[in-house]
1. For labels at LYS316 and PHE192 in the simple 7 Å Cα→Cβ model, what's the distance in nm?
2. Exposure proxy check: ASP335, ASP329, ASP303 ranked by fewest other beta carbons within 10 Å?
3. Run through every distinct alpha carbon pair of the range 71-296 and return the Kirkwood hydrodynamic radius in angstroms, one decimal place.
4. Would you please state the base-10 log of I(q)/I(0) at q = 0.35 1/Å for the range 256-296, with intensities from the Debye formula using one equal scatterer on every alpha carbon?
5. Quote the FRET efficiency, to the nearest 0.05, computed for TRP260 versus SER117 with a Förster distance R0 of 22 Å and r equal to the Cβ-Cβ distance.
6. Ranking MET74, MET263 by Cβ neighbours within 10 Å, fewest first, what do you get?
7. For the range 66-144 and the range 303-357, compute the distance between their C-alpha centroids and round to whole Å.
8. Tell me, rounded to the nearest percent, the portion of alpha carbon pairs in the range 297-354 spaced more than 14 Å apart.
Amino acid sequence: MFRGSIARLLGLLLLSLTLTVSLQAQSGDSAIVHNHSDSATVTAADSTSSALLTEENHVADQAETQREPTLWEMLTRTKHLVMLLLMAVGIGVLFFVKVNRWIRLLGVVIIFFLFGSELILPVHPSPMCGVTKLFMFRFTWGQWFVGFLALTLVIFIPSLIYRKAFCGWVCPLGAFQEIVNKIPFKWRVKQFSFTAFNSVRMGLLAMFFITFFYVKESMDALGGELGHLELPIWKAYSAYNIYDPINYFEYLHWGVGTQWIIMMTILVIASLIIYRPFCYLICPIGAVSWLLEKIAPGKIRIDRTKCNECGVCVIKSPCPTIKPLIKADSFGLPDCTSCGECLSTCNRDAIKFSFKN
Ligand code: SF4
Ligand code: SF4
C-alpha cells in the first residue's frame, strides 16, 4: 500500500518534471531569443540616437555580457538541476518500487526523450564532451572551463553516492541502448567477457591522457613554427582527442546522413546482442564511474540468508552483472547501472537496494 502510493507519487513527480522542463526549456529559448531581439533593438536605437546611452553604460553592458558565468551559475542551470532531480528520483524508485521490465522501459523512454531527442531539452548532456573537453582545454588553454567542470561534477558526485547514478538515470545514450536491448533477439549474449571489454575501455582512457601529454610536448617543442597556423591551437590539439570519432552522443543531434546511418546501425545491432555495448567498451564516463562504483555506498545487495542461488534473477535480469553479484565475485564485477530491474526477479525477496548490508 505504502509502496504503491510512493510509486504513484514518483510517477506524478516524473510526469510533472517532464512538463516543467519542457515549459522551462521553451521559455529559456524564448528568453534567449528575447535577449537577442532586445540587444538588436538596443543596437538599432544606439545607432539612431547614441545620446540615449552614455559610453560608460555601454562599456558596463559589454562587461556584463562578456562576464564568465560562475561555477554555481553553471551548476544551477535548468539542465543540470533536472539531471540531479532525476538521479534523486532514481534513488526513490530503487528504494520503494519493485522495478520490473515494463517500469524500467517507461523510465528509459522518459530519459531518452528528455535528454536524447532534443524535443524537450534543446541541449542534451554529452558526458563525453563534459569530461574529455574539460581536460583537453585544461591542457591546451591552461584553464578549467566552468561549463565542462559543472557537468563533470553533476555526473560524478552523485555516482559517489549510488552506483552509476548518471548512467542509469540520466544518460540518453545508455537509455537508447537499453531500449534496443529490450527488443527480443535470438542471438543475444548476456554473459560476455567483461574483462576484455573493460580492458579496451580503460586502454582508451589511458591513451586519451597519454596522447594529450605527448601532443602537448611535441607542439610546445615546435613553438613558433606553428605561429602561421590560422586555426586556433586548441583545434590542432582537438584533432588528437581519440574519443571524437567515436563520440556517439553527437549522433543524438539526429543529423541523419551516411555516417549517421552506418554508426547507428552498428550501435543498434551491438545493443541487440549485448547489454549497453558502448558503455562497457568505449565510454570514458563508464570507465571512471566503474571505478567510483567500488566506493559508492548505495548499491544492489544480495541478502545471503534468503538467496538459494536458484539463478532465476540471472535469467530475468538484462545485465551481465547479477551473476557475479550472486556469486559474491566482486573482483572485476561488470558495471551495475542501478537500473533496478533485478529487484523484481527474486521470489525470495533476496535482492535489495540499500546503503548498508
Ligand atoms: S557509460 Fe557512458 S554512454 Fe553508458 S550510460 Fe554511462 S555515460 Fe552513458
Ligand atoms: S545488477 Fe543488473 S539488473 Fe540489477 S540494478 Fe544492476 S544493472 Fe540493473
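1. 2.5 nm
2. Details: ASP335 27, ASP329 10, ASP303 14.
Ordered by Cβ neighbours within 10 Å, fewest first: ASP329, ASP303, ASP335.
3. Numbers: mean 1/r = 0.0530 Å⁻¹.
Kirkwood hydrodynamic radius for the range 71-296: 18.9 Å.
4. These q points yield log10 I(q)/I(0) values of -1.03.
5. Details: r = 15 Å, r/R0 = 0.68.
The calculated FRET efficiency here is 0.90.
6. Working: MET74 20, MET263 16.
The order, fewest Cβ neighbours first, is MET263, MET74.
7. 27 Å
8. Values: 772 of 1653 pairs.
Here the long-distance tail beyond 14 Å is 47 percent of all Cα pairs in the range 297-354.
No value in this document is a laboratory result; all are computed from the given coordinates. Bear in mind the structure is a predicted one, so any value in this text is a computation, not a measurement. FYI the Cβ positions are ideal-geometry reconstructions off the backbone, even for glycines, and counts take in every protein chain you see.
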